[in-house]
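Written below as structure tokens is the structure these notes are about.
Since every read-out is calculated from the coordinates, none of them should be taken as a lab result. A quick note: this is a predicted structure, and the numbers were derived from the prediction, not measured. Here Cβ is always computed from backbone atoms with ideal geometry, including for glycine, and neighbour counts include all displayed protein chains.
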Amino acid sequence: MASVYKRGGKRAKGNWIASWSDHQGRRKTKCTRTTDKATATRIARKHEADAALRRDGVIDPTLDAISKESQRSIELHLTDFESKMRAANRTDKHIVSTLRFIRWVAEHAEFKMAADIDADGVNRYVGKLRDEGRAARTIQAHLNAIKAFTKWLTEHHKLPRDPLASVKKPNPKADRRRERRILLPEEWWLLETATEAGPVRYGMMGSERLLLYRTAIQTGLRSNELRSLTRGRLYFDSDPPYITCKAGATKNRKDAQQYIQPELAVDLKAHIATKAPKAPVFSLPHESNLARMLRDDLAEARKQWLADAKDDPQEYAQRGQSDFLADTNHEGEISDFHCLRHTCGAWLAMTGAHPKVVQQVMRHQSITLTMDTYGHLFPGQEADAVARMRQMLVDPPEALRATGTDSAIGNMPKSAQRQAQRAGRETGRQNASGCDGRRGDDAQEETPKPLQIADLGDCVRRSAMDCDSSGGGIRTPDTRIMIPLL
């Protein structure tokens, strides 16, 4: 039964406390926030009546719990959401940026509780970002954060449904503001010379910067992954040598094993000879200075390249107008530290490596990403394919067989081979003469005799043998090809 009481006795000052049993039989207490006993008693009986309705199934306890969770503040839910991301082994950078984006959306749309989140408020925030000139990729990052939050609220029974399920994310490819350029092989040789002889930049010697650039291009490792490398992660005694990266430092949270060239392994071995086993291989500056460091080396290499043509005014003017070794090319593609990883994938594609190999080296999640990024750089075979297809479109089947095009047909898929062979046989039957040597209208007027299916194979074989023995006519194709049943 429901009851009310005061802490310290009936004569004590303060509000009455309601006590009742919930739908699971557990005793509950709650302050009624009133000093009137009659009012407190009605509140206690209301709690008891609600418990009876839940116990009898009139009120769904699950929906009731979801309703209570939806009334909690967003900040309280963000504390639990942060714990979930840390349990999923997300990086600190991802966690900080995700929470920051969610708070920005909630602040602009004036969301206080989880139940306040709706699609209209989020769409207004997206409109604000568009008015500010933000790129589609930036807008997508903000939407990814808030949509992941509401999805987590729904899956953990803190909201009855996902309020942002109808919100669509923009396509980042349609409005990509930052395109990275690749280093050309000719640019690399000049950059290598300028970097090795260059001064100390951001605490790194020129020789160390050159090793860093070489490692980034050969392995495709990102800046954070290169920063995590220690002496114990370099395996020079293996054939070929390779570098490993722990899952905690990689973007896909998986261990990475990247092979390197023997020449780079020798230089890295000499570089870490005096370092402690757990010391970082490279003394990288702050991540905001990595792009500046590479651009400074590119600018020095371009300066030397221009100086080489100062005695030829025409050549010097042409070089000054080109984007060779420039940090931004004529197409608006920029150079930053991540462009070294982009150069790795581009050079692999240009050398003719199989797309799956490029995907594994770059550690892309899907082959679609690899082909969308580097597909245009793979050696083209379209012109050769169209030239070979011309023979099949123009030349008759007899000419194809006479000119040895059967070898090309042999490279086709099995289904295409069967269709080509069937087309050739049909043409051969129309033009073939009988085994008895009769040609023209006499052969056409004669009505063929019906054959039994069981005797068809023997008839064709005997007819073929007669043709071979007499030396005339055309040999009948194998019946196993003509008749699938046989």
If you project the alpha carbons of the stretch 3-59 onto their three principal axes, what span does each projection cover, largest first, in Å?
39, 19, 13
Quick one: which residues, 5+ away or cross-chain, put their amide H under 5 Å from the amide H of residue 230? H built at 1.01 Å from N.
281
Residue 246: which lysines have alpha carbons under 24 Å from its alpha carbon, excluding same-chain residues fewer than 8 sequence positions away?
84, 93, 254, 269, 275, 278, 356
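Once you have the Cα-Cα distance between residue 107 and residue 155, take 0.36 nm times their residue separation minus that, and quote the gain in nm to one decimal. All intermediate terms of the calculation are to be shown ahead of the outcome.
Numbers: separation 48, 0.36 × 48 = 17.28 nm, distance 2.37 nm.
This chain segment gains 14.9 nm when fully extended.
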Kindly provide the pair-distance distribution of the stretch 304-350 built from C-alpha pairs, with 5 Å bins from 0 and whole-percent values in order of increasing distance.
5, 18, 20, 18, 16, 14, 8, 2
Compute the length gained on full extension between residue 276 and residue 244: take 0.36 nm times their separation in residues and subtract their Cα-Cα distance, giving the result in nm to one decimal.
9.8 nm
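FRET efficiency for residue 310 and residue 230, Cβ-Cβ distance as r, R0 = 51 Å, nearest 0.05? Write down the numbers at each step before the final one.
Values: r = 45 Å, r/R0 = 0.89.
That gives a FRET efficiency of 0.65.
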For labels at residue 75 and residue 95 in the simple 7 Å Cα→Cβ model, what's the distance in nm?
1.9
In the neighbourhood of residue 265 defined by beta carbon distances under 15 Å, the net charge of the other residues (Lys, Arg +1; Asp, Glu -1) is 0
